[in-house]
Amino acid sequence: MSEDDPARNELTVRLAPLVRQFDAEEWNALGGNRNPFVSHEFLTALEDSGSVGEGTGWDPVPIVITDGDDKLLAAMPSYAKGHSQGEYVFDHSWADAFHRAGGRYYPKLQIAAPFTPASGPRLLLSDRSLAPHLLRGAEAVCLQNGLSSAHATFIEPEQVPLFEAANWLIRNDIQFHWLNRDYATFEDFLGALSSRKRKNLRKERAAAKAGMRIERLTGDDIKPEHWDAFWIFYQDTGARKWGTPYLTREAFTLLGERMREKIVLILAYANDMPIAGALNFIGEEALYGRYWGCTQDVRFLHFELCYYQAIDVAIERGLSRVEAGAQGGHKLARGYEPVQTHSAHWIADPGVREAIAEFLEREREGVATDQVFLGERTPFKKD
């Protein structure tokens, strides 16, 4: 879209009540076709299942740009948040600072794929020149509704400059991703490791598989009984990690109906009974590991289902990486490497913004140092 395009004068930036009100094809053409977590199917499954919305603290308020014909040109999956749960970028100290200063941190605006610490586009654009309009729209929503701040989390690296150009504050963190260096097989990957680490991984896989039957299911092979089993696993993990699972049972049914070809469900059976499972989503370039759970503790089974099976799938499908979720330094020894993740933050109060900017500058230096330190401790052969 050129600067003298007359359609530019007819652009409307507005707040919408739900992603569901938009046409799926139009929405996905902006980015959902390559990243599962900003797809119309994923976001509306959360809405329709009650995983977001009333009573959850995640109220959908997508910000969009339309033209004079009401065609969707840009969008931002956004939520009014009354807490910081389900974000995986920890800002509790910021909330405390607001409170001590006599201010109010919540509600805030969260630009994210809910409950999903996976990188992806946060500005869904038909034209990159629309990014400033979308971000100014987010700032206006905060100012007009008395929100303290706006936060875009797990932004894909290519979009970070768009937030920087709009003077949003950038925050970095570290995740562990497996990177596919043109491996043809899992054995090729093992060949890149030091001898001792290679032996350790082989032993772990053998121990985890002993007496187990492992199935990888996708598409129509995923049946309701598989979701029933996985729901039990997910509830166990959710109850231990978060107190209450974020997703409802209905969410898995809807995800299975709407995204079956973009899902890989890995289940482990002992004596023909499912005892553990891992749920993965397929993107254009990456496999995203999302949820895991079990009803029996089997040594190394978590590593097998979540990390090694994911590597197998990525190699088979020619994907460039596996993103296996937040945290988890134990991934390092399994061939997952430290990679920086990015978030962007707009703070309404100038004084608080200045203080946070100073904090983030120091924090970024520490994150960079940690990445170098961890990178030196990967299990790969050293030159």
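The values are calculated or read from the model by the stated rules, or taken from the named source; none is laboratory data. Only a predicted model underlies this, so the values are computations on that prediction, with no experimental measurement involved. Here Cβ is always computed from backbone atoms with ideal geometry, including for glycine, and neighbour counts include all displayed protein chains. What goes into the accessible areas is simple: the full protein's heavy atoms, side chains included, and nothing from ligands, DNA or RNA. Shrake-Rupley method; radii C 1.70, N 1.55, O 1.52, S 1.80 Å.
Structure data summary
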item: Extension gain from A355 to D272, taking 0.36 nm per residue of separation minus the Cα-Cα distance; result: 24.2 nm
item: Given charges at beta-carbon only (K, R positive; D, E negative), |dipole| of region 37-113 in Debye; result: 460 debye
item: Cα coordinate range in region 241-283, projected on the principal axes (Å, largest first); result: 31, 30, 18
item: Accessible solvent surface per residue of region 327-383, calculated while the other protein chains remain in place, 1.4 angstrom probe, Å²; result: 54 Å²
item: Size of charge dipole - the chain - debye, nearest 20, with Cβ of Lys, Arg +1 and Asp, Glu -1, no other charges; result: 1820 debye
item: Residue-normalised accessible area of region 155-227, expressed per residue, 1.4 Å probe, Å²; result: 51 Å²
item: Per-selection Rg to Rh, the chain - Cα, Kirkwood hydrodynamic radius; result: 0.98
item: Reach of K209 by Cα under 12 Å, taken over aspartates and glutamates that are not fewer than 8 positions away in the same chain; result: E304
item: The chain, accessible surface, carbon-and-sulfur percent (1.4 angstrom probe); result: 49 percent
item: Over 20 Å [Cα-Cα, region 245-320], rounded percent; result: 35 percent
item: Distance-filtered residues of region 124-153 - backbone nitrogen under 20 Å, label point 7 angstrom along E10 Cα→Cβ; result: 126-131, 133-134
item: Of K71/K108; K199/K331; K223/K262; K199/K381, pairs whose Cα-Cα distance is over 18 Å; result: K71/K108
item: Charge dipole of the chain about the Cα centre (unit charges at C-beta), most positive-ward option of P121, Q85, G53; result: Q85
item: Exposed-site-free run, longest, the chain (rule: trypsin sites (Lys or Arg not before Pro); DSSP loop; at most 15 other C-beta within 10 Å); result: 182-298
item: Per residue, in Å², the accessible surface of region 50-123 once ligands and nucleic acids are set aside, probe 1.4 Å; result: 35 Å²
item: Relative contact order (%) - criterion: Cα under 8 Å, at least six apart; region: the chain; result: 20 percent
item: In region 281-335, the GluC sites (Glu not before Pro) that fall in loop regions by DSSP, at most 15 other Cβ within 10 Å; result: E284, E285
